[in-house]
1. Out of region A:4-21, which residues are over 12 Å from the mean Cα position of the chain (by Cα) and within 13 Å of DNA strand C (Cβ to nearest atom)?
2. Out of all the residues in region B:24-41, which are away from DNA strand D (no atom under 13 Å from the Cβ) and touching a Ser or Thr at 6+ places or on another chain (Cβ under 8 Å)?
3. Working only within region B:79-89, note down all residues that are under 21 Å from A:Ile74 (Cα atoms) and at the interface with chain A (Cβ under 9 Å from one of its Cβ atoms).
4. Is it the case, given these coordinates, that A:Thr25 is farther than 24 Å from A:Asp7 by Cβ and β-branched (Val, Ile, Thr)?
5. Kindly evaluate A:Met49 against the criterion of being within 9 Å of DNA strand D (Cβ to nearest atom) and open to solvent by 60 Å² or more (accessible area, probe 1.4 Å).
6. What are the pairs, 6+ residues apart or on separate chains, where a residue within region A:53-69 that is among the small types (Gly, Ala, Ser) and within 9 Å of DNA strand C (Cβ to nearest atom) has its Cβ under 8 Å from a residue that is modelled with pLDDT under 95 and open to solvent by less than 40 Å² (accessible area, probe 1.4 Å)?
7. Assuming B:Leu55 fulfils every condition listed in (1) open to solvent by less than 70 Å² (accessible area, probe 1.4 Å); (2) in a strand (DSSP E or B) apart from one, which condition is it?
8. Could you tell me how many of the residues in region B:36-46 are open to solvent by 10 Å² or more (accessible area, probe 1.4 Å), within 13 Å of DNA strand C (Cβ to nearest atom) and in contact (Cβ under 8 Å) with a residue 12 or more places away in the chain?
Number of protein chains: 2
Amino acid sequence: MAKHEPDLSLLFHALSDPTRRAILTRLAEGPAAVSELSAPTALRLPTVMRHLSVLEMAGLIASSKDGRVRTCAIVPEALLPMRSWLDEQRAIWEARLDRLEDQVMKLMQERGT
Amino acid sequence: MAKHEPDLSLLFHALSDPTRRAILTRLAEGPAAVSELSAPTALRLPTVMRHLSVLEMAGLIASSKDGRVRTCAIVPEALLPMRSWLDEQRAIWEARLDRLEDQVMKLMQERGT
DNA sequence: TTCATGCTTAGCCATACAGCTAACTATATA
DNA sequence: TATATAGTTAGCTGTATGGCTAAGCATGAA
């Protein structure tokens, strides 16, 4: 199994900021212009721009410019790598839990109760 | 719906580092001592300690000290908040996709093809 | 008691991050 | 053409992060 997960770090890092998660949630309602996204944040536009570029670098959003307005939209499939990592981990972690449970069961049987 | 997700940032941040993800994967095989965890990393012990404390702060691992050896173990339920965030997002994002699809369908119908 | 082992703390360094202001570009609109 | 609007770029600041070394416990073995 190759370790082709070079973007997981970018993805997790992008999601580690509340402002960026808020932007994503906002964008889930539909595409929006940069200034629309910055409006509810109490942050300055350049700061929001930076967040947007982090999100875009991570592949979580895409943007295009029409006239002087740039419209941003989510990229739904971007969460897939994260989801599969989570699923992998859950699989291993649960397997480990099961083994542990088995051991406990065995212990209890050996004790005769 | 209350926004009780104060730890999501910690969680995502903890997972944004490849070394820390590697440690987690390693720990999925079973508990391990600090030095066991540092061995395969090519990093110095204090550095690994720092990573461990980040993981522990995020609630992803737990540790206990027996004698002079500290043993770390994963906390399986720690990924749950992340999982539910992901599920929420997916729900919204997919709904959005569906709406978009509907619009396209309607457009095509209006065009008569 | 002495020594090795395993972890811990303190503190240094370079880089990255999140915020800002100020100045600039480009497109509408009057 | 002049002006307002929407983004963009450049560059500054303080803090956080990830790495290190060196020195300091504390415990187990000799």
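The values are calculated or read from the model by the stated rules, or taken from the named source; none is laboratory data. The structure presented is a predicted model; accordingly, all values stated were derived computationally and were not measured. Backbone-built Cβ (ideal geometry, glycine too); neighbour counts: all protein chains shown. Remember, those area values only see protein heavy atoms, side chains included, never the ligands or the DNA or RNA. Shrake-Rupley method; radii C 1.70, N 1.55, O 1.52, S 1.80 Å.
1. Step one: filter region A:4-21 for residues over 12 Å from the mean Cα position of the chain (by Cα), giving A:4-6, A:19.
Across region A:4-21, the qualifying residue is only A:Thr19.
2. Residues satisfying the conditions are B:Pro31, B:Ala32.
3. Initial filter on region B:79-89 (under 21 Å from A:Ile74 (Cα atoms)): B:82-89.
B:Met82, B:Arg83, B:Trp85, B:Leu86, B:Glu88, B:Gln89, listed by residue number.
4. Details: farther than 24 Å from A:Asp7 by Cβ: no; β-branched (Val, Ile, Thr): yes.
Judged against the criteria, A:Thr25 is not a match.
5. Working: within 9 Å of DNA strand D (Cβ to nearest atom): yes; open to solvent by 60 Å² or more (accessible area, probe 1.4 Å): yes.
It is true that A:Met49 is within 9 Å of DNA strand D (Cβ to nearest atom) and open to solvent by 60 Å² or more (accessible area, probe 1.4 Å).
6. Correct list of pairs: empty, since none qualify.
7. Of (1) open to solvent by less than 70 Å² (accessible area, probe 1.4 Å); (2) in a strand (DSSP E or B), only one is false for B:Leu55: (2).
8. Residues of region B:36-46 open to solvent by 10 Å² or more (accessible area, probe 1.4 Å): B:36, B:38-46.
From what's left, within 13 Å of DNA strand C (Cβ to nearest atom): B:36, B:38-39, B:41, B:43-46.
Now restrict to residues that are in contact (Cβ under 8 Å) with a residue 12 or more places away in the chain: B:41, B:43.
Count: 2.
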